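Okay, so here's the structure we're looking at.
The values are calculated or read from the model by the stated rules, or taken from the named source; none is laboratory data. Given the structure is predicted, the values throughout are model-derived calculations rather than measurements. Positions of Cβ are backbone-derived with ideal geometry, glycine not excepted, and every protein chain shown enters the neighbour counts. Note: areas computed on protein heavy atoms with side chains; ligands, DNA, RNA excluded. Shrake-Rupley method; radii C 1.70, N 1.55, O 1.52, S 1.80 Å.
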Amino acid sequence: KAERDRIAEVEAAREEDEAARRADEEYEENGLVLLRKTVEGKTGQFGGEITGIVINRRTRKLTYAQISFNLYDESGAQVGTALDNINGLEPGGRWKFKATSFGTEFSKYKINELTGF
């Protein structure tokens with residue numbers, strides 16, 4: 001019995017570690033997964049853009065999917081939103097998004113919404 005308890009403890013710890021790793025590397029919202037390591041934000045002459053990859057882990061094709069980010073200045077004040085969308089994202093499909101914001105200088109960003117139907 002002690003051996004079984006030890007195996008169960010090891011399995012529970014492994015599952016906890018995997019969940020923590022996934023939370024660090026992925027943002028999931030209803031079967032849509034943003035790969036955090038792919039996300040990059042930058043500003044240019046006409047505004048800013050945030051790029052990255054979303055995977056459709058649902059079992060069906062999505063008619064429409066959208067991602068948006070809140071944009072913040074150095075003081076932490078929200079100064080805008082960056083947005084991108086796509087039609088017809090296949091099950092298992094990878095979407096290379098480019099969320100754009102025109103005329104907005106920002107220094108920080110945070111995911112606001114990831115939706116699809």
- Is at least one residue of the range 43-59 out of contact with any Cys (no Cβ under 7 Å at 6 or more places or on another chain), within 20 Å of Y109 (Cα to Cα) and surrounded by fewer than 10 Cβ atoms within 10 Å (Cβ to Cβ)? yes
- Message: Looking at the range 46-60, I want the residues that are within 12 Å of E26 (Cα to Cα) and in contact (Cβ under 8 Å) with a residue 40 or more places away in the chain and have a partner that is surrounded by 14 or more Cβ atoms within 10 Å (Cβ to Cβ) and among the acidic types (D, E) with Cβ atoms under 9 Å, at least 6 apart or on another chain. Which pairs are those?
- Response: I55/E26
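Let's see how each residue does on (1) in contact with a Ser or Thr (Cβ under 7 Å, 6 or more places away or on another chain); (2) of a type outside the set (S, T, N, Q); (3) not in a loop (DSSP other than H, G, I, E, B):
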{"residue": "A13", "(1), (2), (3)": "no, yes, yes"}
{"residue": "A23", "(1), (2), (3)": "no, yes, yes"}
{"residue": "L34", "(1), (2), (3)": "no, yes, yes"}
{"residue": "I55", "(1), (2), (3)": "no, yes, yes"}
{"residue": "T59", "(1), (2), (3)": "no, no, no"}
{"residue": "I67", "(1), (2), (3)": "no, yes, yes"}
{"residue": "N70", "(1), (2), (3)": "yes, no, yes"}
{"residue": "S75", "(1), (2), (3)": "no, no, no"}
{"residue": "L83", "(1), (2), (3)": "yes, yes, yes"}
- Message: Anything in the range 36-53 that is of a type outside the set (G, A, S) and outside any strand (DSSP E or B)? List them, or say none.
- Response: R36, K37, T38, V39, Q45, F46
- Could you list, in sequence order, all residues of the range 91-110 that are open to solvent by less than 60 Å² (accessible area, probe 1.4 Å), assigned to a strand (DSSP E or B), of a type in the set (S, T, Y) and closer than 10 Å to G41 by Cα? T100
- Are any residues in the range 61-81 in contact (Cβ under 8 Å) with a residue 40 or more places away in the chain and either within 18 Å of the chain's Cα centre (by Cα) or surrounded by 13 or more Cβ atoms within 10 Å (Cβ to Cβ) (or both), and if so, which ones? L62, Y64, A65, Q66, I67, S68, F69, N70
